[in-house]
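A short write-up of the structure that comes next.
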Amino acid sequence: MKFPENFLWGAATAAAQIEGGYLEGGRSPSIWDNAPAKKIKNGENCHVACGFYHHWREDVALMKEMELKSYRFSISWPRVMPKEGKVNEEGLQFYSDLVDELLKAGIEPLVTLYHWDMPAWVDAYGGWEDGRITAFFLDYAKAVVEKLSDRVQYWITFNEPSCFLMNGYMQGVHAPFKRHYLALPKFTKIFMKTNAETVKLIRKIAKKQPKVGLSFAAGAFIPKNESDPASVEEARKKTFYKGMGTMNNRWWMDPILLGAPVSAYGVYRNGGKRVKEFKCDFDFIGINHYEAFNYSFFGGDKGVDRSKLRQNSLGWVIDERSLYWTVKFNYERYRVPIMITENGVALEDKPNKNGKVEDDVRCRALEGFLINLDRAIKEGIPVIGYQHWSLMDNFEWAEGYEPRFGLIYVDYKTGKRTLKKSAYVYKDIISTNGENI
Ligand code: BGC
């Protein structure tokens, strides 16, 4: 198989998960730096993480060795704005140097503005539950876009609103660990307004013609019988109207991509007259995808025996067909070009006695996911890139450092990096543009 010309083959990370250096270079703590030890597995924290803040040149060299065409990373808001009203030039310069290094290596930078590490000072105002966040975020976004947009073209405003808002403000499992179930409509609207204004700002001030998107934690139900049209229609309907289909896909995507309000469970409404203000004309949408909704604990298929299925080390079922159905159903409903901005597998990787990391499960899943992506592309769906999650093992939020998602193995004690077998498999795929999958 051959992928489209100029396909963006890359890998992704997020600042809080890799950078460390949490009080260096003028940075202040984020809500994740301040997470209570009991909320993170093994009492770990992200203060040092992979030390990317110091190792970044070496890491870009590894990306080059893997022949990546793109690298998706996020900017740390508290590194750029450590306190209210203050832009930290040193923080901005860090990202500016990183962008230069990437371009020198022939790698397209894909910048995410918000991947969950809200500054603690913004949280003190109420975070996503207080409308003042919009102005704070726009100030931050302006500083970043002014500094980088002469070289950066791809902008992802937010990463997975469903996760940082529902996990952080409803389930209480992600920072800032709140359980305000009834506040969902309120913080959804504050977020959607902030997002829409950020998109307008980028379009207004970017120096290089911008391509703007947002990364959704999107998914789909795989039809019970993939060749039966009635079964396909049933899966399509559930993908937007059942369980995760409603709360992960439609709740976020209908207002933002169609300007259409959503109501759910009789208590949640996110639209009203203002919903038109939330609609964004994106150049692409980012899709982060890991597991089919069929296997989800919330609203998934009944009677699934997970023990009989392939799972990653977090217990997520690996069924690569779900990438095809996710891309297909989401494109057919929203009609916006797609970039896969995350997809991958967590394993408990360990170097063997020769120092090699033989992550065969990941290698096989990577190929399986790409075969399914190709299936969607062959049907004419515009897919512009694939960013594997993740470039390197990193801080997996409340799960700490145990689950390893990287193409690069990180020894957290020494900071040493080792390319896993999957990195070489991926390099081979990239260098032939997918021909030898
Ligand atoms: C997030 C990443 C995370 C990955 C694996 C996504 O929800 O954007 O930050 O590490 O999934 O859990």
Answer in debye to the nearest 20: the dipole magnitude of the stretch 70-150 about its Cα centre, from +1 Lys/Arg and -1 Asp/Glu charges placed on Cβ, is 40 debye
With Rh as the Kirkwood radius over Cα pairs, the stretch 326-372 has Rg/Rh of 1.18
Given a 1.4 angstrom probe, what's the average accessible area per residue across the stretch 345-417, in square angstrom?
40 Å²
A student applying the Cα gyration tensor rule (rounded when a/c is under 1.5; otherwise prolate if a/b is larger than b/c, oblate if not) would label the stretch 176-235 oblate
Would you work out which of 329, 187, 56 lies farthest towards the positive end of the dipole of the chain, given +1 charges on the beta-carbon of Lys and Arg and -1 on that of Asp and Glu, about the Cα centre?
187
Carbon/sulfur fraction of accessible area - the chain, other protein chains in place, 1.4 Å, %
51 percent
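What 222 nm value per residue comes from the helices of the chain, counting each DSSP H run with n ≥ 4 as -39,500 (n - 2.57) and dividing by all residues, nearest 500 deg cm²/dmol?
That calculation yields -10000 deg cm²/dmol at 222 nm.
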Binned at 5 Å from 0, what are the whole-percent values of the Cα-Cα distance distribution for the stretch 74-140, short to long?
3, 17, 25, 23, 14, 9, 6, 3, 1
Per residue, what accessible area does the stretch 230-341 have, given a 1.4 Å probe and all protein chains present, in Å²?
42 Å²
Equivalent ellipsoid, the stretch 293-350 (semi-axes from 5 times Cα gyration tensor eigenvalues, Å)
24, 17, 8
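Which order do peptides 259-268, 324-333 fall in by mean Cβ count within 10 Å, highest first?
Details: 259-268: 13.6, 324-333: 22.2.
Ranked by mean Cβ neighbours within 10 Å, highest first: 324-333, 259-268.
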Using eta = 0.890 mPa s and T = 25 °C, Stokes-Einstein with Kirkwood Rh from Cα pairs puts D for the stretch 149-194, in µm² s⁻¹, at 211 µm²/s
Using the scaling law 2.2 N^0.38 Å as the reference, what is the normalised Cα Rg of the stretch 87-182?
1.24
Considering only DSSP beta bridges where both residues belong to the chain, give the percentage that are antiparallel (nearest 5).
20 percent
For the chain, the charge dipole (Cβ of Lys, Arg +1; Cβ of Asp, Glu -1; about the Cα centre) points to a positive end, and the Cα of 74, 422, 365 closest to that extreme belongs to 74
P(r), alpha carbons of the stretch 305-397 - 10 Å bins starting at zero, rounded %
14, 42, 31, 12, 2
Rg and Dmax of the stretch 102-242, using alpha carbons, in Å: what are they?
18.2, 53
What are the trypsin sites (Lys or Arg not before Pro) within the stretch 1-65 that DSSP puts in a loop, where the Cβ has at most 15 other Cβ atoms within 10 Å?
2
Could you work out, for the stretch 199-345, what percent of all Cα-Cα pairs fall into each 5 Å distance bin, beginning at 0 Å and stopping at the bin that holds the largest distance?
2, 9, 17, 20, 19, 14, 10, 5, 3, 1, 0
What three numbers, in Å, describe the spread of the alpha carbons of the stretch 35-117 along their principal axes, ordered from the longest?
41, 35, 20
For the chain, what size does the Cα cloud have along each of its three principal axes, sorted from largest down, in whole Å?
61, 58, 45
Leaving out ligands and nucleic acids, note down the accessible area per residue over the stretch 171-219 with a 1.4 angstrom probe, in whole Å².
43 Å²
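The values are calculated or read from the model by the stated rules, or taken from the named source; none is laboratory data. Please read these numbers as outputs of a predicted model, since none were measured by experiment. Reconstructed Cβ throughout: ideal geometry from the backbone, glycine too, with neighbour counts over all protein chains shown. The protein model used for the area step is the full one, side chains on, heavy atoms only, and it has no ligands, DNA or RNA in it. Shrake-Rupley method; radii C 1.70, N 1.55, O 1.52, S 1.80 Å.
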